1. Conditions first: (1) surrounded by 10 or more Cβ atoms within 10 Å (Cβ to Cβ); (2) among the polar types (S, T, N, Q); (3) assigned to a loop (DSSP other than H, G, I, E, B); (4) at pLDDT 90 or above. T8 passes all but one, so which condition is the exception?
2. Hey, could you check segment 14-46 for residues that are touching a helix residue (DSSP H, G or I) at 6+ places or on another chain (Cβ under 6 Å) and small (G, A, S) and say which is nearest to D68 (Cα to Cα)?
3. Among the residues of segment 48-70, which ones are under 13 Å from the mean Cα position of the chain (by Cα) and within 16 Å of T26 (Cα to Cα)?
4. Restricting the first residue to segment 50-70 and requiring it to be over 19 Å from T8 (Cβ atoms), which pairs with a second residue that is open to solvent by 50 Å² or more (accessible area, probe 1.4 Å) and of a type in the set (S, T, Y) meet a Cβ separation below 8 Å and a spacing of at least six or different chains?
5. Restricting attention to segment 20-42, which residues are touching a residue at least 12 places away in the same chain (Cβ under 8 Å) and open to solvent by less than 70 Å² (accessible area, probe 1.4 Å)?
6. Is it the case, given these coordinates, that S31 is among the small types (G, A, S), over 13 Å from F9 (Cα atoms) and modelled with pLDDT under 90?
7. When you look at K65, is it at pLDDT 90 or above, of a type in the set (K, R) and open to solvent by 90 Å² or more (accessible area, probe 1.4 Å), yes or no?
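The values are calculated or read from the model by the stated rules, or taken from the named source; none is laboratory data. Fair warning: this is a prediction, and the values are worked out from it, not measured in the lab. Please note: Cβ atoms are built from the backbone with ideal geometry, for glycine as well, and neighbour counts cover all protein chains shown. Quick note on the areas: whole protein, heavy atoms, side chains included, nothing else; ligands and nucleic acids left out. Shrake-Rupley method; radii C 1.70, N 1.55, O 1.52, S 1.80 Å.
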Amino acid sequence: ARRNKLVTFPHKAHVLALWKEEIGWTSVFYSAVVINQPTSNSSYLLRFDGEYQVPVFIPERFVVKAPDGD
């Protein structure tokens, strides 16, 4: 059973998410792809674009829809 978020991004969806730094979360959203949806831990498994290709868990509250690339 899912928690409280109204939007669930499917596998391979393009999203924007905050990035975890040593002192906290960034104030900039970065492009990423959904690897796995949240389950009981309320975090998406994402793979960010760019050099850092290792999947990381990001709390769903820090994941938003990417703008459509028209």
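1. With respect to (1) surrounded by 10 or more Cβ atoms within 10 Å (Cβ to Cβ); (2) among the polar types (S, T, N, Q); (3) assigned to a loop (DSSP other than H, G, I, E, B); (4) at pLDDT 90 or above, T8 is out only on (4).
2. A17
3. Once the filter is applied, which keeps residues that are under 13 Å from the mean Cα position of the chain (by Cα) and within 16 Å of T26 (Cα to Cα), segment 48-70 yields F48, D49, V56, F57, I58, P59, E60, R61, F62, V63, V64.
4. Listed by first residue and then by second, the contacts come to G50/Y30.
5. S31, A32, V33, V34, I35, P38, S42
6. So S31 does not fit the description; no.
7. Criteria met by K65.
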